[in-house]
Amino acid sequence: MPGLEVESKRRKRRHEEGQDELDAEPSALHRNGHLEMLSDDEDGNDIQSDDGQVDQFPEIHTESDSEEEEKEETSDEEDEEEDEEDKDEDEESDSASDSAESLHVFPKAKTVMSEITGQPKLVYPEIEPDYDSDSSTEDAPNRVGDIPMHWYDDLPHIGYDVNGRKVLRPARGDELDKFLQTVDDPSSWTAAFDKNTQMDKPLSAEELDIIHRLYKGENPDANYDPYEPTIEWFTGKGKEEVMPLSAAPEPKRRWVPSKWEKQKVMKIVRAIRQGRILPSKPKSKAKFEFYSIWNDTPSTHQPPLPAPKPPLPTNSESYNPPEEYLPTDEERKRWEETDPEDRERDYLPQKYSALRLVPGYDQFIKERFHRQLDLYLAPRVQRVKINIDPKTLIPKLPSPNNLKPFPNYKSLHFIHAKGRARCISVSPDGAWVVSGDEEGIASLWEVNVGREIQRWQFEGRIGLIEWCPRLDVSYFVVGTEEKLHFLIPPNITNAVLSLTQSLLAPSSLPPPPNPTPIKWNSVSPNHWSLDKPILTLALPDSSGLPIQAHWHRKGDYLATVSNSKTHGGVWIHQLSRRHSQAPFKRIKGTVQAVLFHPLKPHFFVATQQYVRLYNLSEQKLLKTLMPGIKWISSLDVHPSGDHVIVGGYDRKLCWFDLELSDKPYKVLRYHTRAIRSLHFHPTYPLFASSSDDGSIQIFHSRVYNDLLTDPLIVPLKILRGHSVKDQLGVLQVRWCGKHPWLVSAGADGHVVVWCS
């Protein structure tokens, strides 16, 4: 090759110059220089020595290229040019060596003879570094490589150096030391922790600038200009590439098949043909199928009886049973003479002084065998399991914001200072509220402003207050101990006043009906005043306090419930005939509340655990509702007459659909203590419940005319404004007829109006 020939000529020329130095030791050269290695093609007789001269092996240029080796020989003119260039390079190298020797940059080398090859070699003295030498270019002392450093967490060292010695873990302080170091050294934040050396490595200004740029999302190169103009190198008119980027010819190996690869492939093919190499099996695309052994349809046959459970041990099986369980001699003899099938027990009770003295049970294997037979002869069956998503069981209810209006804040309140506000009632026009407390005070006040208009004082506590639903007259009834008082409110028109007086105190009394124990006492309009009741009904003796009253929708009949046990405490009073009667001669249980049906001649009677529906015209029982409540406290009927809600002292609220079943359609448990009162709104789809926990629950209750559509019951709001006193909360709630407003009376003596 041209490069190698030029280099060999250069080496020969330098060798001739240094021949004088080699003649100084001819004996060593002759002793070690006559050994020559012969190839297979050379013959020992054809060897011609070079008079003791040894050609040095030409060095390999690092600048040589693989493609340059495959080029063909150049012409003689190029050789001459290269010889001239070599001479120039030699002159330059000689001048450079002279300048290096003058500067003494490198230590001088000694020429010694190699003991192995017998040729001279240059030996340089060792360099002794000073303490002030720069070690910034030294390699890292830890040579473990790119491995997870947490492998060395439990070891005292962190790796190994280049000589295989352990690199000990540097001492590191706790978090307090690190904090103090950051205080003392203001540049500590510019260091980064190196996991390889387990030390903090200071960062240079360039590295900090790169980190700052990466943190801001910019290019890490400070010299990068993202807005520099685009230079069209290979596109545009007149800039199309015609010639390749490199003018070097394609090497031969690019298109000539390799004979070594052909031999390798043929070797593998022969091994496959001889069976020494087995080809890989083709992968089947069909996936492995799994079969569920329980997916078969369950059997429709009646399942067999379950396996009998083993009987539990009794006192007679104890190792130290009582004396009465131990058999006598006669009983033992009788047991032994009886057949095993006829024996009452399979064992005889025995007594031991200690548990360690009890011998092994001789019937153990026999009992286990019979138990296995019981289990074997009682085959199991698959139970049908219903897979239901729990989220589908939760009904999708509308948002309360879409169901407005409903009461959500306290508008005003009226205070009974002396006692509990036991009962309230709202006038049919929704403008007046009358409330009574346990001190016998009945107060009439306006709903809009809360101003008290009139006050009446009665003897004893007030148990009920109920306003007449008629619009042509205006009066209400107040129940005290064994009496019912009918009062006319002030500020009514003369026409309404005269009609009310003629109804309650007519000038000519109707003929006396069948004698009843209830006495009707009325006051003539000439002697009557607003401070006194115009009509008073004296209930029978030992009737007790009236606790609940309900008007018929026409306003002529009034049903009351007392806490006495005579006639069940239920009375129905007719004002037009001034007659009272007990609808029940005998009734099971204590009556808690009664209601008239809003559309039909039906009558609801609630006892402690049942609600019975009677037909008054036919005088027969129609239906008995079973709410499952231990003690019923209140009930109310929907204005449509097809739905009833029942509340109890055990915190349950039951919704009944009278056309559906005598069992509850819904059972609501939203209160934490006993429910005291329930009431449906007469016009809006709302109902409210009050409890001893001091809260009032407001519900949206929409009933559809379509019998196939279930009622929509949505909890809307929890009203909290009453305080619990003596474990009693909100005692009664009533709606205003024309507005979505609610009036509540509590044991704390407050009567509150809730508005929307």
Item to check | Rounded if a/c under 1.5, otherwise prolate or oblate - the range 316-375, Cα gyration tensor axes | outcome: oblate
Checklist outcome for this item: Partner lysines whose C-alpha sits under 27 Å from that of Lys201, ignoring same-chain residues fewer than 8 away, are Lys166, Lys178, Lys216
Item to check | Anchor Lys600: lysines whose Cα lies under 17 Å away (excluding residues fewer than 8 positions away in-chain) | outcome: Lys554, Lys620, Lys623
Next on the checklist: Can you give me the convex hull volume of the Cα atoms of the range 616-696, divided per residue and expressed in Å³?
Outcome noted: 103 Å³
Checklist outcome for this item: The pairs in Lys532/Lys725; Lys396/Lys717; Lys418/Lys532 lying past 23 Å Cα-Cα in this model are Lys532/Lys725
Item to check | Sites Lys725 and Ala431, calculated FRET efficiency, Cβ-Cβ separation with R0 30 Å, nearest 0.05 | outcome: 0.50
Checklist entry - Label Tyr670 and Met113 with points 7 Å out from Cα along Cα→Cβ: what is the distance between them in nm? => result 11.7 nm
Checklist entry - Each label point is 7 Å from the Cα along the Cα-to-Cβ direction; what then is the distance between the points at Gln372 and Ile231, in nm? => result 9.4 nm
Item to check | the range 406-755: radius of gyration over Cα atoms, expressed as a fraction of 2.2 N^0.38 Å | outcome: 0.95
Next on the checklist: Given the whole protein assembly as supplied and a 1.4 Å probe, what does the accessible area of Arg651 come to in Å², nearest 10?
Outcome noted: 110 Å²
Checklist entry - Over the range 134-276, what lengths in whole Å, largest first, do the semi-axes of the equivalent ellipsoid take, defined as the square roots of 5 times the eigenvalues of the alpha-carbon gyration tensor? => result 51, 36, 14
Next on the checklist: Using a Förster radius of 56 Å, what is the FRET efficiency between Arg273 and Leu155 based on their Cβ-Cβ separation? Nearest 0.05, please.
Outcome noted: 0.50
Checklist entry - R0 = 56 Å: FRET efficiency of Val256 with Asp184, Cβ-based, nearest 0.05? => result 0.20
Checklist entry - From largest to smallest, what semi-axes in whole angstrom does the range 484-642 give when each is the square root of 5 times an eigenvalue of its alpha carbon gyration tensor? => result 31, 17, 15
Next on the checklist: If you average the alpha carbon positions of the range 385-427 and of the range 603-648, how far apart do those two centres end up, in angstrom?
Outcome noted: 23 Å
Checklist entry - Quick one: which of 177-187, 486-496 comes out on top by average Cβ neighbours within 10 Å, and what's the full order, highest first? => result 486-496, 177-187
Next on the checklist: List the lysines whose Cα sits under 26 Å from the Cα of Lys108, skipping any in the same chain fewer than 8 residues away.
Outcome noted: Lys12, Lys87, Lys121
Checklist entry - With the dipole of the range 406-755 worked out from charges on the C-beta (+1 for Lys and Arg, -1 for Asp and Glu) around the Cα centre, which of Pro490, His679, Ser524 lies farthest toward the positive end? => result His679
Next on the checklist: What does the C-alpha gyration tensor say about the overall shape of the range 243-383? Classify as rounded when a/c is under 1.5, otherwise prolate if a/b is larger than b/c, or oblate.
Outcome noted: prolate
Checklist outcome for this item: Per the charge dipole of the range 316-375 (beta-carbon charges, Lys/Arg positive, Asp/Glu negative, Cα centre), the residue among Phe364, Leu348, Pro322 reaching farthest to the positive end is Phe364
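The values are calculated or read from the model by the stated rules, or taken from the named source; none is laboratory data. Computed from a predicted model, the values in this text were never measured in an experiment. So basically every Cβ, Gly included, is an ideal-geometry build from the backbone, and we count neighbours across all protein chains shown. Ligands, DNA and RNA are excluded from the accessible area calculation, which covers all protein heavy atoms including side chains. Shrake-Rupley method; radii C 1.70, N 1.55, O 1.52, S 1.80 Å.
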